[in-house]
1. Looking at this structure, is A:Glu104 touching a residue at least 60 places away in the same chain (Cβ under 8 Å) and within 11 Å of chain B (Cβ to nearest Cβ)?
2. Would you mention how many residues in region A:68-93 are in contact (Cβ under 8 Å) with a residue 40 or more places away in the chain and crowded, with 21+ Cβ neighbours inside 10 Å?
3. Go through (1) in contact with a strand residue (DSSP E or B) (Cβ under 9 Å, 6 or more places away or on another chain); (2) in a helix (DSSP H, G or I) and name the single condition B:Ala180 misses.
4. Tell me the residue from A:Leu199, A:Leu153 that is over 24 Å from A:Leu243 (Cα atoms), in the same structural domain as A:Val90 (by TED's automatic domain parsing) and either of a type in the set (Val, Ile, Thr) or touching a residue at least 24 places away in the same chain (Cβ under 8 Å) (or both), please.
5. Considering only region A:83-101, how many residues are at the interface with chain B (Cβ under 9 Å from one of its Cβ atoms) and over 21 Å from A:Lys49 (Cα atoms)?
6. Hey, could you check region B:155-194 for residues that are β-branched (Val, Ile, Thr) and more than 12 Å from B:Lys32 (Cβ to Cβ) and say which is farthest from the chain's Cα centre (by Cα)?
7. If I ask for residues that are within 17 Å of B:Phe147 (Cα to Cα) and charged (D, E, K, R), which ones from region B:220-270 would you list?
8. Tally the residues that are at pLDDT 95 or above and in a loop (DSSP other than H, G, I, E, B), restricting the search to region A:4-29.
Amino acid sequence: MDAVLEIENIEVVYNKTVQVLRGLSLTVPRGAIVALLGSNGAGKSTTLKSVSGLLALEDGEVTAGDIRFKGQSLKNRPPEKLVREGLFHVMEGRRVFEDLTVEENLVAATYALSGREDARSRGYELVYDYFPRLRERRRQLAGYLSGGEQQMLALGRALIARPELIMLDEPSLGLAPLLVEEIFEIVARINREQGTAILLVEQNAAVSLAIASYGYIMENGKIVIDGPAEKLTANEDVREFYLGVGGQDGEARSYREIKHYKRRKRWLS
Amino acid sequence: MDWLFFGEISLAGLAMGGLYALIALGFVIIYKATRVINFAIGEIMMFAAYLFLAFAGGMEMSPWVAVPLAVLGGALLGGVIEKTMIRPMLGESPIAVVMVTIGIASILVGLVELIWTADPQLLPSFLPRQPVFIGELYLAPKIAYGFLIGMAVLVIYLLYFRFSRGGVALRATASDQAAAYSMGINVRRVFNLAWVFGSLAASVAGILVAATGGLSPQFGIIGLSVLVVVIVGGLDSILGALVAGVFIGWLETVAGAYLGGEYRMPATFAVLAVILVFKPYGLFGTHEIERV
């Protein structure tokens with residue numbers, strides 16, 4: 001299979017003491033959308049940071065396993081180099097530069113093009129075509145944008161970098177459901193029109209599996225189940241614990257009636 | 001009250017303040033990008049001034065060559081300090097890094113004493129000598145031209161940071177380091193360039209100040225006044241450095257003229273204390289940064 005990103009059995013330790021990832025493996029094929037799902041603290045963001053090299057800033061370290069981007073091992077490569085080779089990480093919480101204007105945020109992202117032969121065309125227009133609202137606000141400080149607009153700006157910065165793989169960390173965080181749908185539609189469009197592979201990290205399993213072709217679910221630092229999106233959506237455990245529907249009788253249940261101790265996730269046995 | 005005298009003193013003070021602003025700019029650039037409080041800024045400017053002395057006095061170069069060379073030397077010194085002594089401290093506690101800069105300051109003082117002795121020296125004069133009059137007010141030519149050159153450098157810096165792509169990289173790094181990395185910005189290089197350009201601004205100021213007041217290994221003390229400037233202006237604000245620099249320069253000179261030289265420092269520190277009561281982060285400082 002032609003994979004853009006392969007993670008093989010990585011283990012990650014923070015501060016030389018806290019182990020967060022315990023032998024995690026996953027693969028992102030070229031041009032595909034892959035969802036990585038899991039609850040709080042499962043290690044989803046850590047997975048992305050270990051790929052993009054931002055782990056070192058938080059005193060984390062990949063102690064075992066291997067990560068390959070376009071077939072090449074990523075060990076000991078500084079984060080800005082990876083971005084320039086086409087691996088763009090949109091961090092959790094959007095992380096726009098709040099005291100820079102919208103357009104300056106895009107200018108900052110052009111550093112991702114350093115050393116590429118196509119660095120001349122900057123592609124601001126492309127961003128404004130995907131996000132017309134950003135064009136209206138191009139001279140405004142990014143700190144004054146709404147949450148949805150900031151997420152659009154974060155995606156816009158990724159577009160500027162013309163990456164082969166975008167790693168999206170919780171784009172739905174703190175957004176109203178309607179906005180979440182809008183953002184995910186655009187993510188799917190970027191994937192379709194630009195051919196960019198996307199590794200999507202989410203807690204919102206329903207919307208993610210709707211646009212992804214393959215999904216992984218992680219708990220406690222490793223993958224517990226994976227499969228094509230349709231198959232995961234049909235899986236009984238996934239339906240109950242991640243999609244919030246189903247159970248034996250297939251109806252939506254009230255949280256009040258759920259007795260957590262009654263049912264064990266099958267993959268834990 | 002003699003208004004002519006007051007006017008002349010004020011003018012000299014404002015001009016001195018312009019140079020303070022330039023040194024403060026050097027301090028602020030380094031702090032803004034790297035969050036390092038650089039106590040060696042006064043010594044870096046002193047070193048550049050001694051370099052000028054060596055080039056123009058010892059080697060008898062024309063000031064047109066000696067000034068740029070000395071300024072470049074100061075900038076290079078900043079870059080080397082960052083690379084060899086500050087970068088290994090990355091991730092250590094801020095206090096440890098501050099101690100390193102204080103250590104660097106003493107090393108530079110020692111180095112200068114070894115090479116040029118501890119005696120005060122006069123710089124060969126290189127600024128025009130005809131007196132400058134603004135209306136009826138007389139201003140010493142050295143101070144006036146020093147001010148003009150200082151302001152020109154300051155304006156270039158301001159424009160660069162506001163409008164250039166490099167300025168965007170610096171402000172992006174200052175705003176969110178991890179995010180800057182994820183944009184493909186080489187943050188380590190930004191750190192290094194911040195030290196280079198910060199030291200460059202301080203070096204220009206160092207040569208101009210030494211040209212008016214002479215040079216000795218204690219010259220770096222001026223860094224203390226500049227510390228007041230940056231705290232009043234806000235540690236990470238370039239605009240703050242400008243406004244507070246001019247204000248503190250004026251205040252120091254006026255206090256020195258009317259109350260006597262021994263009141264210069266108490267006057268500025270009193271103002272510092274009052275301002276910190278009302279504006280703990282300085283006049284233009286960002287709120288979440290730490291206080292010194």
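1. Here the answer is no, as A:Glu104 does not meet what is asked.
2. Summing the residues that are in contact (Cβ under 8 Å) with a residue 40 or more places away in the chain and crowded, with 21+ Cβ neighbours inside 10 Å in region A:68-93 gives 7.
3. (1)
4. A:Leu153 is the lone residue from the list that is over 24 Å from A:Leu243 (Cα atoms), in the same structural domain as A:Val90 (by TED's automatic domain parsing) and either of a type in the set (Val, Ile, Thr) or touching a residue at least 24 places away in the same chain (Cβ under 8 Å) (or both).
5. Here the count works out to 3.
6. Applying the filter and picking the extreme gives B:Ile185.
7. B:Glu252
8. 0
The values are calculated or read from the model by the stated rules, or taken from the named source; none is laboratory data. Values in this document were obtained by computation on a predicted structure and should not be read as measured data. FYI the Cβ positions are ideal-geometry reconstructions off the backbone, even for glycines, and counts take in every protein chain you see.
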